[in-house]
Structure formats: structure tokens, C-alpha cells
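Asks: One structure coming up, written as C-alpha cells, with questions to follow.
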Amino acid sequence: MSEAFAAALTPIDGVVRVERRLRGDRRGFLARLFSADQFAEWGWNVPVAQINHSYTARKGAIRGMHFQVPPKAEKKLVTCIRGAVCDVAVDLRNGSPTFLQHHKEILSAENLVALLIPEGCGHGFQALTDDVELLYLHSEFYSPSHEAGVCPLDPALAIAWPQEAVALSDRDRQHPLLTSNYEGLRL
């Protein structure tokens, strides 16, 4: 445990709940977003390849479930810097004991919780407030030919989203539904 972070393992191997600890005074605060030595203990043992910033305008909007397939599979560290989301990681790894199970966390600008998501897990979220902003650290560069997804409303995933889905992109809605013979990702 470090003074900058507190971490908790989740039921899905490699998915880690990371809580940032503030250091502050009357002027404001500092919160460390990432530290390679600390995150190596939780499975992030490669350089950060890319950092993305997303904005979601409308409460109830869902984005996901996104991932990249090998050889461009990626780890993600997801942080909410404005508003709040219900963040979800779903295990899509072939042979995993938690295959097709998911883990949810509330991430918000106020609670300073981030979710570390390993390769082979899909990621998505639902905005719990208007005007949500997220920061993503990625272990791999974006590769259009390796991007993939599953429909976040797929009954096989059984994700109980906290709100009615008010917006979903055509791309996310058209991700394939999982079939009974879905074998998952081989990493």
C-alpha cells in the first residue's frame, strides 16, 4: 500500500479498484493519477502507450463494451474527472474462471476511484450525470483493425445498468450478441 493509492482486488482476476488519496490544504489538492512502480504491483508492467479523454453529454448514455484483440490487446486505467459513471469490466478471456462475469464500480470526480482493467476484458460505462469526462490510460496504441466490442445490452452479459439507456451509438448497438458457442479471447 502506498500513501498515494489504496487498491482492492475484485472478483475478476486482474480487475483492480484503485482509490486515489488526496494531499491537500487550503489552496487545493494533488492526487497522483499513475505511478509505474505502484501499478506494476497490480499488473501494469508495460509503458503507457496512449492517454485518451472522453466526454459524454447526457445522463443515462452507455458506451461500450470495447476492447482490442491480440496482438493489440490492452490494459486500461479508467478515471472519472467530471461527473459520475457506472463503470463495467466484463471478463472475455477464454478459460478464465470468471468468463462472461462482470464487475461494476461507481467512478466519480468526487470519490477518486479508478478501475484498472486487464487485457481480455471488455469495458463500458453508463453516465450517471450529465457532462461526464473520463481519462483512459492505455497500454497499447489504438489499432482500428484490432478493435472489437460486444453489445452492452446483451442479455448474456446480464449487466443491470442503473438507469434506463437513453443513448447508445449505432456502433455499440450493432456489436454482436454473444452466442452459446462464444469461446472468448485467447491471449
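Asks: Around Ile159, with a cut-off of 15 angstrom between Cβ atoms, what is the net charge of the other residues, counting Lys and Arg +1 and Asp and Glu -1?
Replies: Numbers: positive: Arg63, Lys104, Arg173; negative: Asp87, Asp91, Glu105, Asp154, Glu164, Asp172.
So the environment of Ile159 carries a net charge of -3.
Asks: How much length, in nm to one decimal, is gained on full extension between Leu22 and Ala57, taken as 0.36 nm per residue of separation minus their Cα-Cα distance? Provide the component values of the computation, followed by the final result.
Replies: Working: separation 35, 0.36 × 35 = 12.60 nm, distance 2.72 nm.
Result: 9.9 nm gained on full extension.
Asks: Run the numbers on the stretch 5-173 and let me know its relative contact order in percent, using alpha-carbon pairs under 8 Å that are six or more apart.
Replies: Relative contact order of the stretch 5-173: 32 percent.
Asks: Using a 10 angstrom Cβ neighbour count of at most 16 plus a DSSP loop assignment to flag exposed GluC sites (Glu not before Pro), which longest range of the chain is free of such sites?
Replies: The segment 42-109 is the longest one with no such site.
Asks: Can you work out ³J(HN,Hα) from phi for every residue in the stretch 49-66, in order, using Karplus 6.51 cos²θ - 1.76 cosθ + 1.60 and θ = phi - 60°, giving whole Hz and x for Gly and Pro?
Replies: 8, 7, 10, 10, 10, 10, 10, 10, 6, 10, 4, x, 5, 10, 10, x, 8, 9
Asks: Treating only the Cβ of Lys, Arg, Asp and Glu as charged (+1, +1, -1, -1), what charge dipole size does the chain show about its Cα centre? Round to the nearest 20 debye.
Replies: Here the size comes out at about 340 debye.
Asks: Given the DSSP H assignment, sum -39500 (n - 2.57) over each helix run of at least 4 residues in the chain and divide by its residue total; what's the result at 222 nm in deg cm²/dmol, nearest 500?
Replies: Calculated at 222 nm, the ellipticity per residue is -1000 deg cm²/dmol.
Asks: Any aspartates and glutamates with Cα under 18 Å of the Lys76 Cα? List them, leaving off those in the same chain fewer than 8 positions away.
Replies: Asp13, Glu19, Asp37, Glu41, Asp87, Asp91, Glu105, Glu119, Glu133, Glu140, Glu147
Asks: Gap in Å between the Cα centre of the stretch 82-145 and the Cα centre of the stretch 27-53?
Replies: The stretch 27-53 and the stretch 82-145 have Cα centres spaced 15 Å from each other.
Asks: Between beta-carbons, use under 13 Å as the cut-off and find the net charge around Gly184, counting Lys and Arg +1, Asp and Glu -1.
Replies: -1
Asks: What net charge is computed for the residues neighbouring Leu115, neighbours being all others with C-beta under 15 Å from the C-beta of Leu115, Lys and Arg scored +1, Asp and Glu -1?
Replies: Net local charge, Leu115 excluded: -1.
We did not get these values from a lab; they are worked out from the coordinates using the rules stated. Everything quoted here is computed from the prediction, not taken from an experiment. Positions of Cβ are backbone-derived with ideal geometry, glycine not excepted, and every protein chain shown enters the neighbour counts.
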